[in-house]
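As structure tokens, the structure follows; a few thoughts come after it.
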């Protein structure tokens, strides 16, 4: 088959699907999924050949749209959302691809900040499935994986929708991530921390080396503030690729003005401008994410793309990114939701909780994913003297609520309740909390996601093999 011989078959973004959304989900979920599988494959399993073959069979849509490629450990989703919001404010039609999702897999592929519809999702699966079967049956590199197919669906949708830009968040690492087939206009690397150490390496320089894999020859790279261990890795990678390295902490000055539960305001000086900015996203680290996003779009503007100062102001003000220091009031009860899932992120979360809130009692809904440092996270939260509600989300990699309970005791924290149904645990916490208390849900992204589903009446998207009976313990 020639390189573009099938491209005409993928040119209609309004193509109806013969698949229902349920059928499309079943097909997608039938592929190997290291995000939800009980075991992660070794790093040697990951490579770019499978997705490159798939993209070639549909006309290489990923190479036909100006791209901003975002990697990092912390803040990459928020930064990608801010960049998207700025571009949308300028009037550009912008596709956004992120992972994982909170409630529905459709959230991974967005137009602006709005997820695609279930019908659009089904249509993309319908269009790509014959190519998936071809590669799985005749390819040289094994079967396609869940993340590879979703990535291909995003690229195809953005091409069919004729977006002006696509903002692509790396899934895992960078060098061998399925998204690393793009030729971006600018690469972005947010702060590096120890995470996914079994796959990416157990030191900051090793992990930074994987993230640096997105740096392309002669393509500018914007690097958020980093540890002293990470920055030399990026400097060396940029030199090797003859890429201009823009360090956010050396090219910006942030002056905080106001911080409250309704958002925060600050002034940002760059080499090109001074901005008075407001963002609804809480936490000091979001100021650094905003600075990184602004430098990224200024870099785009330097490549002859029109992006006004007002669009930057409006984009930062209008961004929405749930479950990242998200504050809700349920009547008179205060609830804070955050997807922090490693000790360093939890450390920053604890600092922000003390900055924004006063409370008599902190009721902590805490659950973790296997492979993450549960003990390290609980130790960081101990300074808040929480009453712990040990939970287990529906995610198949979640630690059992019993294991979380044991770790809570080992950390010397007080236990109040435990359950493998986060809805049940949320209702218990709401019944206990007074107006002077604060409920905090954290430990993995799936914990606040399921709390939001309970609080807002969102129907959960259930996947095969993860239905479980409810078990709970009150102490």
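Please treat every number below as a calculation from the coordinates, not as lab data. Note that the structure is predicted; figures quoted are calculated from it, not measured. All Cβ positions, glycine included, derive from the backbone under ideal geometry; neighbour counts span all protein chains shown.
Can you bin the range 230-352 into rounded, prolate or oblate? Criterion: square roots of the alpha carbon gyration tensor eigenvalues sorted a ≥ b ≥ c, rounded for a/c under 1.5, prolate for a/b above b/c, oblate for the rest.
On the way: a/c = 2.40, a/b = 1.48, b/c = 1.62.
Taking the square roots of the gyration eigenvalues as a ≥ b ≥ c, the range 230-352 is oblate.
Taking every DSSP beta bridge with both residues inside the range 326-474, roughly what % is antiparallel (nearest 5)? Display every interim value, and only then the final one.
Details: 9 of 27 bridges.
Rounded to the nearest five, the antiparallel share is 35 percent.
Could you give log10 I(q)/I(0) at q = 0.13, 0.14, 0.15 Å⁻¹ for the range 326-474, computed by the Debye formula over C-alpha point scatterers of equal weight, without solvent?
Log10 of I(q)/I(0), two decimals: -0.49, -0.58, -0.67.
Please report the antiparallel percentage of the DSSP beta bridges confined to the range 156-280, to the nearest 5. Can you show the working numbers first?
Details: 13 of 19 bridges.
Antiparallel bridges make up about 70 percent of those DSSP assigns within the range 156-280.
Per the helix-only calculation at 222 nm, which mean residue ellipticity applies to the chain, given -39500 (n - 2.57) for every DSSP H run of n ≥ 4 and division by its residues, nearest 500 deg cm²/dmol? Let's see the in-between values first.
Working: 16 runs with 178 residues, N = 475.
Helices in the chain give a 222 nm mean residue ellipticity of -11500 deg cm²/dmol.
Indicate, rounded to the nearest 5 percent, the antiparallel portion of the DSSP beta bridges found entirely in the chain. Intermediate values should be presented prior to the final figure.
Numbers: 27 of 64 bridges.
Beta bridges within the chain, antiparallel portion: roughly 40 percent.
For the chain, report the convex hull volume of the alpha-carbon atoms normalised per residue, in Å³, without decimals. Intermediate values should be presented prior to the final figure.
Working: hull volume 66.9 nm³, N = 475.
Measuring per residue, one finds 141 Å³ for the Cα hull of the chain.
Taking other Cβ within 10 Å of each residue's Cβ, how do 321, 129, 428 sort, fewest first? Write out the running numbers ahead of the final one.
Numbers: 321 23, 129 15, 428 19.
Least crowded to most crowded, the residues run 129, 428, 321.
Quickly rank 166-172, 143-149 as a protection proxy: mean count of other C-beta atoms within 10 Å, highest first. Present the calculation step by step, with values, prior to reporting the outcome.
On the way: 166-172: 26.1, 143-149: 21.4.
For the peptides 166-172, 143-149, the packing ranking is 166-172, 143-149.
What's the whole-number percent of alpha carbon pairs in the range 53-174 lying beyond 19 angstrom?
Values: 3403 of 7381 pairs.
So the portion of pairs separated by more than 19 Å is 46 percent.
Using the per-residue mean of other Cβ atoms lying within 10 Å as a proxy for protection, in what order, highest first, do the peptides 441-447, 457-463, 371-377 fall?
441-447, 371-377, 457-463
Test of understanding: ordering 320, 159 by Cβ neighbours within 10 Å, fewest first, what list do you get?
On the way: 320 12, 159 23.
With the fewest neighbours first, 320, 159 line up as 320, 159.
Calculate, for residue 265 and residue 375, the FRET efficiency according to 1/(1 + (r/R0)^6) with r their C-beta to C-beta distance and R0 45 Å; round to the nearest 0.05.
Values: r = 37 Å, r/R0 = 0.82.
The pair residue 265/residue 375 has a calculated efficiency of 0.75.
Report, in whole Å, the centroid distance computed from the Cα atoms of the range 78-153 and the range 407-469.
So the two Cα centres are separated by 29 Å.
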